[in-house]
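Everything on this sheet refers to the single structure shown next.
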Amino acid sequence: MNKGILSRIFSNKLFLIILSVVISLTIWISINMGDFAETSYSVSNIPITIDLPDTASSQGLKVFNNDELKGTVTVSGNRSIIGNLTSDDIEIVPEQTDNLTSAGSYTLSLVAKKKSSSLNYTIESVSPSTVYIKLDRNRNVTKKIEQNISYTIPKDYYGTVLLDNESVTISGPETEIKKIDKVVVEGNVKEELKSSVTNEYDVKLLDSFGEEIKTNDTLTISPSKVKATVSVLQKKDVNVELSTVNGPSGIDLTKYCKIEPNSISLGADSSNIENITKVNIEPIDFSTLRNKDYKINKNLDIPNKCVDINSVNSVVVNMDLSSMEKKTITLTDFDIKGLDKKYSANVTTQSVEVTLYGTKSALKNIDENDIDAVIDFTGTEVSAGSRTMPLSLTLKDKDGCWIYGSYEVVVEIS
């Protein structure tokens, strides 16, 4: 066929119209035949759903797994149908769950199911074909954190480790929770410290053999990290000194008392430690003491911003007052203080026998004129009638002795 004939054919409008129709029809048939062609297709990221039987749920059992359970399903069918399938159209479930009745580990065979029966396609296979699960009760426990932070400091310094959280809450399978013996944070500060430093550490779970228990996503720890501060303080040894109330003046009580221990080690930052020269004990009330031997336990009054390095906390005070003398003085003169002017008071108690203890020389010349006896109504709600009031007794510039006991008088208010 020469070029002239071809030219006449393609210049024929009717021929071109017929040719266009034939080509379009061919393309349309090809496309539609492809849509209805049988093919296979894989749908991935399908959640594996495990519904426990009532016998398991009633026991509080649940599924624990290291990873989120998902699978892939291979299907076959018309391209137009399976090409539009997503993970929402198919479910993967265990073939059987009746045997899930107690805590333990199980391997379950899996099957895939259509969520809609109106779609015409065939499920060919499921991957994975089985799944391994742990069935257990969920349990929450709170445990104290033990620290094992190593560090070095100069010998005249004191260091201690402080955690920003003292305990953690652990949640997970009951059988795994029971394996936990202790909770620790471990670390090492390499440089020598003269000041405090803070670092963050992972919380670790240890079993009774000291081996770390891996959480493997089945155990959750809150918080999973803690900050540990190595608090570094300067160290200083100071004396423990006696403190008293209602005690005798003019006597060196150290001759009669022995404190054990008589010194302790304190820790404080350098700006505070320089001003600290001693530690007092809680005051001993001499109004409760007579001429005998005493062994008294007293807490230490630790200064603010200081640490009792060795946690002594308290001391024993051995007091030998057996050499002191006793004297009784009769008081008949009582002063009234703090009574509203609209009232008058009459002390109906005629006299009070007051006991004193002290050195022989101190007691020799003391009499009732050396003692102030005051009935103080300050801050007391007053009404007419008879009432008992405490009697406040004070020695007037007398050394070497003290007043023993507490006293009361009866006062008539009008």
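A few remarks follow.
- Check on Ser109, within 17 Å of Asn65 (Cβ to Cβ) and either out of contact with any Phe, Trp or Tyr (no Cβ under 7 Å at 6 or more places or on another chain) or free of Cβ contacts under 8 Å to residues at least 60 places away in the same chain (or both): yes
- If the condition is being farther than 30 Å from Ser105 by Cβ, surrounded by fewer than 17 Cβ atoms within 10 Å (Cβ to Cβ) and free of Cβ contacts under 8 Å to residues at least 60 places away in the same chain, then the range 161-186 contributes Glu166, Ser167, Glu186.
- Annotation for the range 198-208: no member residue is charged (D, E, K, R) and outside the structural domain of Lys179 (by TED's automatic domain parsing).
- Any hit, the range 61-72, residues being charged (D, E, K, R) and over 30 Å from Thr175 (Cα atoms): no
- Of all the listed residues (Tyr158, Tyr201), the sole one being buried (at least 17 other Cβ atoms within 10 Å of the Cβ) and closer than 30 Å to Thr254 by Cβ is Tyr158.
- Within the range 351-390, the set of residues being more than 29 Å from Glu412 (Cβ to Cβ) and either assigned by TED's automatic domain parsing to the domain that holds Thr288 or of a type in the set (Val, Ile, Thr) (or both) comprises Thr359, Ile366.
- Yes/no for Asn65 being surrounded by fewer than 18 Cβ atoms within 10 Å (Cβ to Cβ) and in contact with a Gly (Cβ under 7 Å, 6 or more places away or on another chain): no
- Checking each residue in the range 53-109 for being among the charged types (D, E, K, R), more than 30 Å from Thr122 (Cβ to Cβ) and part of a helix (DSSP H, G or I) picks out only Asp54.
- Condition met for Asn78 (free of Cβ contacts under 8 Å to residues at least 24 places away in the same chain and touching a Phe, Trp or Tyr at 6+ places or on another chain (Cβ under 9 Å)): no
- Flag for Leu393 being surrounded by 18 or more Cβ atoms within 10 Å (Cβ to Cβ), outside the structural domain of Pro248 (by TED's automatic domain parsing) and in a helix (DSSP H, G or I): no
- A single member of Ile264, Ile251, Ile276 is part of a loop (DSSP other than H, G, I, E, B), closer than 30 Å to Val197 by Cα and either polar (S, T, N, Q) or touching a residue at least 40 places away in the same chain (Cβ under 8 Å) (or both), and it is Ile276.
- Residue match in the range 288-304 (condition: farther than 17 Å from Thr244 by Cβ, under 34 Å from the mean Cα position of the chain (by Cα) and not aliphatic (A, V, I, L, M)): yes
- Extreme residue, nearest to Gly159 (Cα to Cα), among residues of the range 287-319 that are in contact with a helix residue (DSSP H, G or I) (Cβ under 9 Å, 6 or more places away or on another chain) and surrounded by fewer than 16 Cβ atoms within 10 Å (Cβ to Cβ): Lys305
- Criterion: within 23 Å of Val315 (Cα to Cα), of a type outside the set (Phe, Trp, Tyr) and surrounded by 14 or more Cβ atoms within 10 Å (Cβ to Cβ) - qualifying residue of Asn246, Asn239: Asn246
The values are calculated or read from the model by the stated rules, or taken from the named source; none is laboratory data. Only a predicted model underlies this, so the values are computations on that prediction, with no experimental measurement involved. Because the Cβ atoms are built from the backbone with ideal geometry, glycine has one as well, and the counts that use them run over all protein chains shown.
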